[in-house]
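Engineer: Before I ask anything, let me first share the structure, which is written out below as C-alpha cells.
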Amino acid sequence: MGISVGVVTKGAKKNDRLAKYQSMRDFTRTAEPAGDGKVQSEGNRFVVQRHRARRRHYDVRLEIDGVLVSWAVPKGPTLDPKARRMAVHVEDHPIEYADFEGVIPAGEYGGGDVIVWDRGTWEPVDTDDPLKAIENGNLHFNLYGEKLHGLFVLIRPRRAESEKDQWFLLHKQDEYAEPGWDAEDHPKSVKTGRTNDEVAANPDALWRSDLPAAEAEVRMGTQQWEPPTEDEMAALEDLGAKGSWELAGRTLNLTNLDKVLVPGRDGEAPLTKRDLIRYYTLVAPVMLPYLAGRPLNTHRFPNGTDKPGFWHKEVPGHAPEWLKRWHHEQAEAGDVQYYLVPDSLPAMAWLANYGAIELHAWTSRVPDVEKPTWALFDIDPGPETSFDDLLVLARLHRTALQHLGLEGRAKVTGQRGIQVWVPVEPRYTFAETRAWTETVSKTIGRAVPDLVSWKWTKDKRKGLARLDYTQNVINKTLVAPYSVRPQPGAPVSVPIEWDELDDPELTPDRWTVRTLFDRLKSTGDPFAALLGVQQRLPNL
C-alpha cells in the first residue's frame, strides 16, 4: 500500500509523474487505465476508491496539474473532527483512473476489487499552489462530493526522512462535521450503486487502457456496439480478391476474398470468405455481448470446409496489436498462453479473414476465469434420436427451469442438437455448476429413460441421446450464439424463445448466414433477456 514516491514537484511533466505508476503494472493483464495523455484535465476533480487488495483501504485522489495525486487511507476518510486517519502518500495516478471500477487480477500490483466510493470536486484553501503545500507537508482543502463535504487537512508529521510518506487526514470542525461518522457505514459505489462484493462477483465494467477515457469503459452484457456504416460495407464489396479495408477506425488487410469456404445447399451459391467477413461484421453488434470479455477458441477452415479444419486458440504472432489478448498465467509450458478476447467489429472481421468459421467463447470472463457465468445443458442427439425426441428433451428442460424458478433459454446448434443456457452469478466453481447440471440432467433423464443414455462414448449409447453436463468445465466450450457452423449452406447457431419449441417449422439448422438477419429483424435476440442476469443455483 505504501510506496516511496518522494516529493511532488511542481512543473514536472505528467509522463514523468506517471512513470512510477506505469512501471508497476502489466497493462496486458490489469484492467486499470495506462494513462495515454488524451484526457483533458478539468483541474479540480477528486475521487475516493474503496480498494480491497492485500488489505482494505480507501484511495483518496485529488486532481492536480493533470494527474491524480493520491493517498491510501486504511480506515477511510471521515467527517468526525476528532478522528485522525493515517494516510500513505502513494504514486500519482492518471486522470482516467477517476472512473475505474472493477477487478485488478490476482498477482498484479494491488490485486483486488475497486469501487468508486465517492467523487466530486475539490478546491485548495489558503493557497494557490497545492503542489507547494504538499511539498511543505500541509494541505487544507474543501471537498464537494456525494458523501464527503467540508474542510479537510492532509498533514505530514515532522519525522525522519524515511517516514516522509506517512501523513494524516483530518476533517475540521465545520457545518458538515459529524461525530462518529465511519466510511464503512456507507459501502456502495456512487457510480454504480454496487458494493465491493458485487463488483468482485461480477466485474461487468472492464477498462480498455488503449482507448481514450470517453470510450474506455466496456460494459459486459450491457454494452452496445454500433453496426458498420453503409459506406464501410460498400467498401468491402468494392475490394478485389484482396485489399485494405477501413472498419471502425481500424485497417484490415483482407486476402483471398473470393475463396469458397462453405458449399451451398438447396441450390444456393457457396459461401466465400467475403461472405463470411460480411456476416460476422454485420452480426457483431448482436453477437459480441456473448464474446466480449471472454477468451475465444476457434474452429478454423482456411482452405474451406471440404478440407479438414482444426482448432486454434493461441493468438498468432502476426495478429495486429490492437486485438485484445488475455494471458493465461496458469497455463502450463507448451499450453496456450495468449487468447484472443473479441471486443469490436474489426476483431470479428479479422477472425473471419483468418478462416475462423466457428467461434466458441469460454463461459467465464477474464480476469476471474475460474467462475463461470453460464450453466450449460447440451442435448446431444444420437443416430437414432429424432427431432421430435430432441424437442421432448428440450421441453423437459424448460419445465425443470420453470419449476426451479430460473431464467434460461434454448438455442439450436445449427447442426443437430439443442442447448439450454442458464445465466448464473459468478460465485460458483466449474465443479459446482457441473455437479448442479448433472443432477438436473439425470432427473430429466429418469423421466424418459428410453431416450437417454449415460454412456460416455457414442458407440455404447445404442443410438440414444446424451444430456451432456460435462461441458461445464473451464476451457471446454459450446458454440457461441450466432456462430456459423461448417456445414453446407453455412447454418447458424440461433437462440430461440421457449414457445418456438412448438413451432412445426423449427429445425436445428433452420437459419443460415443468408436468412439470420430476417430472423433478427422480426424476432430480435431471445438471449438478450439473459444478459446481465445473475442467478443463484437452488439447492437440489
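Engineer: Assigned to a loop (DSSP other than H, G, I, E, B), open to solvent by less than 10 Å² (accessible area, probe 1.4 Å) and more than 14 Å from residue 351 (Cβ to Cβ) - does that describe any residue in the stretch 225-246?
Structural biologist: No.
Engineer: Residues in the stretch 394-407 that are at pLDDT below 95 and either open to solvent by less than 10 Å² (accessible area, probe 1.4 Å) or closer than 14 Å to residue 495 by Cβ (or both): how many?
Structural biologist: 1
Engineer: Are there any pairs, at least 6 apart or on different chains, whose C-beta atoms fall under 9 Å, with the first in the stretch 306-317 and in contact (Cβ under 8 Å) with a residue 60 or more places away in the chain and open to solvent by less than 100 Å² (accessible area, probe 1.4 Å) and the second among the basic types (Lys, Arg) and in a strand (DSSP E or B), and if so, which?
Structural biologist: Short answer, once both residue conditions are applied: 309/300.
Engineer: Exactly one condition in (1) in contact with a strand residue (DSSP E or B) (Cβ under 6 Å, 6 or more places away or on another chain); (2) of a type in the set (Asp, Glu); (3) farther than 30 Å from residue 370 by Cα is false for residue 113; which is it?
Structural biologist: Every condition holds for residue 113 apart from (3).
Engineer: Pairs only if they're at least six apart or on different chains, beta carbon under 8 angstrom, first in the stretch 224-248 and closer than 25 Å to residue 531 by Cβ, second in a strand (DSSP E or B) and not polar (S, T, N, Q); list them, first residue then second.
Structural biologist: 228/247
Engineer: While we're on this one: Out of the residues in the stretch 460-483 that are under 24 Å from the mean Cα position of the chain (by Cα), of a type outside the set (A, V, I, L, M) and not in a helix (DSSP H, G or I), which is surrounded by the fewest Cβ atoms within 10 Å (Cβ to Cβ)?
Structural biologist: 476
Engineer: Out of (1) buried (at least 18 other Cβ atoms within 10 Å of the Cβ); (2) free of Cβ contacts under 8 Å to residues at least 60 places away in the same chain, what's the single condition that is false for residue 457?
Structural biologist: (1)
Engineer: In addition: Taking the stretch 229-260, which residues are touching a Phe, Trp or Tyr at 6+ places or on another chain (Cβ under 6 Å) and under 22 Å from residue 309 (Cα atoms)?
Structural biologist: Passing the criteria: only 254.
Engineer: When the residues of the stretch 505-540 are filtered to those that are assigned to a loop (DSSP other than H, G, I, E, B), open to solvent by 30 Å² or more (accessible area, probe 1.4 Å) and among the hydrophobic types (A, V, I, L, M, F, W, C), which remaining residue is farthest from residue 199 (Cα to Cα)?
Structural biologist: So the residue we want is 540.
Engineer: One residue is enough: does the stretch 348-359 have a residue meeting the conditions closer than 23 Å to residue 469 by Cα, buried (at least 19 other Cβ atoms within 10 Å of the Cβ), touching a residue at least 40 places away in the same chain (Cβ under 8 Å) and of a type outside the set (S, T, N, Q)?
Structural biologist: Looking through the stretch 348-359, at least one residue is closer than 23 Å to residue 469 by Cα, buried (at least 19 other Cβ atoms within 10 Å of the Cβ), touching a residue at least 40 places away in the same chain (Cβ under 8 Å) and of a type outside the set (S, T, N, Q).
Engineer: When you scan the stretch 82-130, how many residues do you find that are in a strand (DSSP E or B), open to solvent by 50 Å² or more (accessible area, probe 1.4 Å) and among the basic types (Lys, Arg)?
Structural biologist: Total meeting the criteria: 2.
The values are calculated or read from the model by the stated rules, or taken from the named source; none is laboratory data. Note that the structure is predicted; figures quoted are calculated from it, not measured. Ideal geometry is used to build each Cβ from the backbone, glycine not excepted, and the neighbour counts take in all protein chains shown. Surface areas here come from the heavy atoms of the whole protein model, side chains and all, with no ligands, DNA or RNA. Shrake-Rupley method; radii C 1.70, N 1.55, O 1.52, S 1.80 Å.
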